[in-house]
Structure formats: C-alpha cells, structure tokens
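The values are calculated or read from the model by the stated rules, or taken from the named source; none is laboratory data. These numbers were taken from a predicted model, which means no experiment stands behind them. Here Cβ is always computed from backbone atoms with ideal geometry, including for glycine, and neighbour counts include all displayed protein chains. Please note that ligands, DNA and RNA were not included when accessible areas were found on the heavy atoms of the full protein model with its side chains. Shrake-Rupley method; radii C 1.70, N 1.55, O 1.52, S 1.80 Å.
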Amino acid sequence: MPEPFKLYNTLTRKVEDFEPQQPGHVGLYVCGMTVYDHCHVGHARAMVVFDTFVRYLRHRSWDVTFVRNFTDVDDKIIARANQCGEPSADLAQRYIDAFGHDMTALGLLTPDQQPRVTESMDAILEMISALVADGHAYAADGSVWFSVKTFDEYGKLSGRKVDELRSADEGVPGKADPADFAVWKASKPGEPSWPSPWGPGRPGWHIECSAMAKATLGATIDIHGGGLDLVFPHHENEIAQSECGNHAPYVRYWMHNGLLNVASGQKMGKSLGNVVNIEDAVKVFPAEAIRLYYLQNHYRSPLPWDDTALSKALSMLARIYEAREAAEAMNGAGAAEDLSAANKAAADKVSKELGAAAIECLQVAREFEARFYTAMDNDFNTAQALGHVFELARAVNRLANHKKAKKRGGPIAREALAAFELLATAMGLCTASSAEFQAEVKRKRLGVLGVTVQEIEALLEQRTQARADKDWARADAIREALEAKNIVVMDSPEGVDWRIRV
RNA sequence: GGCGGCAUAGCCAAGUGGUAAGGCAGAGGUUUGCAAAACCUCCAUUCACCAGUUCGAAUCUGGUUGCCGCCUCCA
C-alpha cells in the first residue's frame, strides 16, 4: 500500500495531503528542457529533485508515471540554429542527445515518457482547434491567439491581474488584447513549419506542454513540476489553455523547485552568463556529490551556488560513504537480507554488552526509517532527512571506535547498513560500493589536481621504505610533499592508503 | 510600480505554538612514530527590527527594513 504524503501546492500556497485521482497512482509531468543549449547546474536541480521525488514515491509503493518533455521547436532554437547555420531540427537533436548523456552521467532515471513537440503536432493542433471552436482562441493572419479574458480564473496560479499584464509581442498585428498570447505562430520564411487549418506555422511556447500532458497523462494530472521561474507565464498559460480546452481541472498539485543563486545573490541563468554545464561538472565531481548538493536544501528554497559548492557536497558525501564503510568493516556485510529476528536478538544482546555507543547506534539505526519517512513525507524534506543520515553516520562511527566493535558489532552494523540501503534506494545516494566511490573520486579529482596515481604510488613506496628504516624525517617529508598536492596519506594496521582532500 | 517569496551561529541549513536538528569552519582533548580519518568536549539564553495575540512564539497577526524571484527567454 502506498504511503500518504504532504506536498506544497503553489496553487493554494499551502502544504496539502496528496490525494491521487486513482488510488496508488501518481501522474507526474515535469517541464523539461528547451533544447537550444547544454543543460547546466541550474536545470539539473529540477532534474535531480524530480528524479529523487520519483524514486522516493516508488520506494513507498506508489505507481508513478513520470513524464518529462522536450521542447524542440521554439524561437530560441530557431535563432540559435540560424546563428550556427544549422537546420534547427539538427540542433535540437544534438542537444537532446547531449541532455541524454548528461542525465545518464548524473545517474538519473529515464522518465517513462519523454514527448517532444515535433512528435506531438496532432495533439497540439487538436487542442488549438478546440480552443478556437469554443471561442477561447482566435485566428489572425495565420496565427492563433489565446483570449485571456475568456478565462475568468486567469492568474490563479501566479496572482497576476489580467489588466496589469503587458505582453511579449506587443503590437503584433491581429492580437486583440495585450494579455493574449500565441498558441500558434504563422511561420516566417526559413522557419520550420507544420500545416494547420490556419496556415503553415508552429506551436506557441505554452501549448505544447498542455497538449503533451493531456496526451500522456490525461486531461487532469496529479502533479505538475518545474522551476519556480516557470510559474508565470508558462504554467499560468498552460492552465488557461488546458482548462478551457479540456473543460476539466488541469493540475491538482503544482510543485515548483527553487532556483540556484550565484554568490552575488542573483539567480543562475544563461542570459546572465554565469552558468556551469553539467557536462563539465560531472567530469570533475561524482554524480552523487552533485545530487547531494541539491538535496541538502529543501527543494523550494533558493540554493546558493559558488565555486566551492560541489567540493563541500563531496566532503559530505565522503563522510556518509566512510561511515557505511565502517559499518561494513564491523563484519556487517550482508546488509538488509539479514534483519531476521535472530539478528535483532543478537543486536540487542551485543548492544547491552558493548555499552552506550552500541546502544545508541542500534537505536539510531532502528529509528532511522521512521524518521526518514516522516521528513520525506512532509513536503519532501530532503534536508531534514539528510540530517538523520548524518546522525546515523556519527552513531556508526562512534560504535566503530569501540575496541570490540570490529569483532562483535556485526548484528548492530547490519541494522545500520539497512538504513544506508534505504538511503540508496529512496534517495539515490550511496548507491556505489565504497571502492567504486573512492575510485571515482580519484579518477575525477586527480585530473583537476594535476597529479597522477603513478606519481603518488612512487612516493608512497619511498615513504614505506623510510618508515621501515625508521627514517621519520624522510617519511614525514614525503607526507608533506603529498599533502601539498592535496593527497592525504593514511597509515593503518592494514597498511598505507591515500585519499584526495576534497 | 504590480504579484509572490525569503530573513535562524563565521558560513550552509532543518525546524509553523511548548522552550533552537544536521553539515562546514574554529578551539581543546583521545588516538597516532608524526599525521589523516574517526570519536569526545566547547561554539545561537536566541531566530532581521518594532508592536500585538497567548500561560507560552523562531513559529500566529500588523507594521518596518533588507534581499530574492516573476512581470521579457529562463529549471
């Protein structure tokens, strides 16, 4: 049985109990990319937030249909294509492919459906026809305009008043009211176009989402997501088109993620020229560090971005991985499969024998699931849920410091590992093995630091020899040399290991 | 100018009526040949400011100030 949860609804500006149309099912439509450029870390916040949302809901037994579109016909695409001297369809396809690579590199789920404007033309024309037939839209000079004043509820999402609206295409011939917006644009020479009852043209910016949402999820969808900057005009206009065209409520819950802020306090945006592409970010940071960076804040809050953002997130991620490694080292491998009554009884017994650290660790491990769910079910509060993860990490590390933990902590560690398993399944963090994670960190960070593994290992060998000779001065000199390159040398009874200072 | 949102320690941040989670940074300690990691202790009598409601407010109400987003393409 799916578990109930609460969600902030931009339409009502309240946190509400989520009530699906069909029991157990969530239809989710997320505004994807207009494919005229690469996906940057600002876009990726929306992608990661909704990916995590879907993972979590599925983990909680919801049957989720996840739709994310591509807008592959648009003024900006045409403009960019003309600039490059490339057919706009080719340019769009190029960026769709790049987006796919970026999402794969980020480790995101593929949506159940990824409709495109160019493949949804029938649905778009059908919706425009319905609007024209009902008098909600009118044709003029080969274009079709939505008549905002025919929809009394216009402005209900964004709080706009129709009379105060000015328009993007002020003074365009044929447009009857300043607030009206295009649902179909007559094509100009050299632009891609499709035949329509009003002449050759292409869809306006907003109609494609209305039509694709209906085609994939039906007239009324459960949750519609996207960035906060899409509230007006995009989502407001979608509501107007869909509700007038379908005679049904369009969206039950509007879910908007906050934007990234650069250090100056401004948002990140292509027009501001302060963007970092995902393609570049994933070359130098593990995907999960990027994911954690987004999830450390509540999805609706603005999220500060600066040069240190990802390396801070990587430090946090490393702490979680290392705690899990500590749990594994306590003979705790085997994780969730062995949470039998026998293991629980053994854990109870061991915790009493080992004392406070063990008792606390067991308690934190056992309470983790309920706390995690409570945080996530309350408007998807990943920041609070991660707070619980760090408490778990501390409790595990504390137990691991106990001198008897390594031999006897297994039953407790297994319960802790079940909690880490939950983190991986429900939030997509800690999905790799510790070895894989360390390897990825080294692979991606060494290049940035300008150091090679060979170089490091050669120095470590010399240092091992120096230590064997008890030549501490020499050993320390080598340590310092490595330290200067941000390589941390770690001696342990098992031998020498090294990590990158993140 | 209009609409919406935000303001919690050096920094990031959770917390929507019951007495301030968590992370980073910092100080001291345990451990170590020396380190690193980890752990322990310390680090906001206080939540932008001013009134008010209440037994009780970071949390509710009104006002003030500051910041941000949207109003033009934007996740």
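Annotations for the structure displayed:
- Accessible surface for A:LEU57 stands near 0 Å², nearest 10, in the context of the full protein assembly shown (1.4 Å probe).
- Taking the centroid of alpha carbons for each part, region A:174-208 and region A:294-312 are 39 Å apart.
- Between the listed residues A:CYS209, A:ALA318, A:ALA92, the Cα displaced farthest toward the positive end of the dipole of chain A, a dipole computed from Cβ unit charges relative to the Cα centre, is found at A:ALA318.
- Euclidean distance of C-alpha centroids, region A:73-111 and region A:30-55, integer Å: 13
- Share of carbon and sulfur in the accessible heavy-atom surface of region A:1-138 [1.4 Å probe, %]: 48
- Scalar couplings 3J(HN,Hα) for region A:346-360, obtained by applying the Karplus form with A = 6.51, B = -1.76, C = 1.60 to θ = phi - 60°, are 5, 5, 4, 5, 4, 4, 5, 6, 8, x, 3, 4, 6, 4, 5 Hz; x denotes Gly and Pro.
- Ordering A:THR110, A:VAL275, A:PRO192 by the projection of their Cα atoms onto the charge dipole of region A:6-284, which places +1 on the Cβ of Lys and Arg and -1 on the Cβ of Asp and Glu, puts A:VAL275 at the extreme positive end.
- Taking Cα centre as origin and charging only the Cβ of basic (Lys, Arg, +1) and acidic (Asp, Glu, -1) residues, the dipole magnitude of region A:451-500 rounds to 80 debye.
- Rounded to whole Hz, the Karplus (6.51, -1.76, 1.60) HN-Hα couplings of region A:130-147, x for glycine and proline: 4, 5, 5, 4, 8, x, 8, 9, 9, 8, 7, 6, x, 9, 10, 10, 7, 8
- Accessible surface for region A:120-160, divided over its residues, is 42 Å² per residue with a 1.4 Å probe.
- Formal net charge of residues neighbouring A:THR374 (Cβ-Cβ distance under 13 Å; K, R +1; D, E -1): -2
- Distance from the C-alpha centroid of region A:338-374 to that of region A:409-423: 9 Å, rounded to the whole angstrom.
- Restricting the GluC sites (Glu not before Pro) of region A:411-502 to loop positions (DSSP other than H, G, I, E, B) with no more than 12 neighbouring Cβ atoms within 10 Å leaves A:GLU494.
- Rounded percent of accessible protein surface that carbon and sulfur make up, region A:308-433, 1.4 Å probe: 52
- Rounded, prolate or oblate (a/c below 1.5 giving rounded, otherwise prolate when a/b exceeds b/c) for chain A by Cα gyration tensor: prolate
- Estimated at the nearest 10 Å², the accessible area of A:ARG80 is 60 Å² with a 1.4 Å probe.
- Close amide H contacts of A:ASP379 (hydrogens built in the peptide plane, cut-off under 5 Å, sequence separation of 5 or more or a different chain): A:LYS6, A:LEU7.
- Helix A:309-327 axis, angle to chain A major axis (alpha carbon atoms, nearest 10°): 50
- Of the trypsin sites (Lys or Arg not before Pro) found in region A:322-403, the ones in coil according to DSSP and having at most 12 other Cβ atoms within 10 Å of their Cβ are A:LYS403.
- Karplus-derived HN-Hα couplings along region A:34-48 (A = 6.51, B = -1.76, C = 1.60, θ = phi - 60°), whole Hz, x at Gly and Pro: 8, 8, 10, 7, 6, 6, 10, 5, x, 4, 5, 4, 4, 5, 6
- In terms of distances greater than 18 angstrom between alpha carbons, the cross-link table entries A:LYS161/A:LYS214; A:LYS349/A:LYS407; A:LYS14/A:LYS149; A:LYS406/A:LYS470; A:LYS149/A:LYS188 yield A:LYS161/A:LYS214; A:LYS14/A:LYS149; A:LYS406/A:LYS470; A:LYS149/A:LYS188.
- Think of each Lys and Arg Cβ as +1 and each Asp and Glu Cβ as -1; about the Cα centre, that makes the dipole of region A:6-284 roughly 680 debye.
- Area accessible to solvent at A:SER351, 1.4 Å probe radius, in Å²: 10
- Qualifying aspartates and glutamates (Cα of each under 14 Å from Cα of A:LYS185; at least 8 residues distant if same chain): A:ASP74, A:ASP75, A:ASP141, A:ASP169, A:GLU208
- Put simply, the amide H of A:THR34, placed in the peptide plane, has neighbours under 5 Å in A:THR71, leaving out anything fewer than 5 places away on its chain.
- Each of A:ASN331, A:CYS430, A:MET376 was placed along the dipole of region A:308-433 (beta-carbon charges, centred on the mean Cα), and the one lying farthest toward the positive end is A:ASN331.
- Amide H contacts under 5 Å for A:VAL64, placed H, 5+ residues apart: A:VAL26
- Relative contact order of chain A, defined on C-alpha pairs under 8 angstrom at six or more residues apart (%): 15
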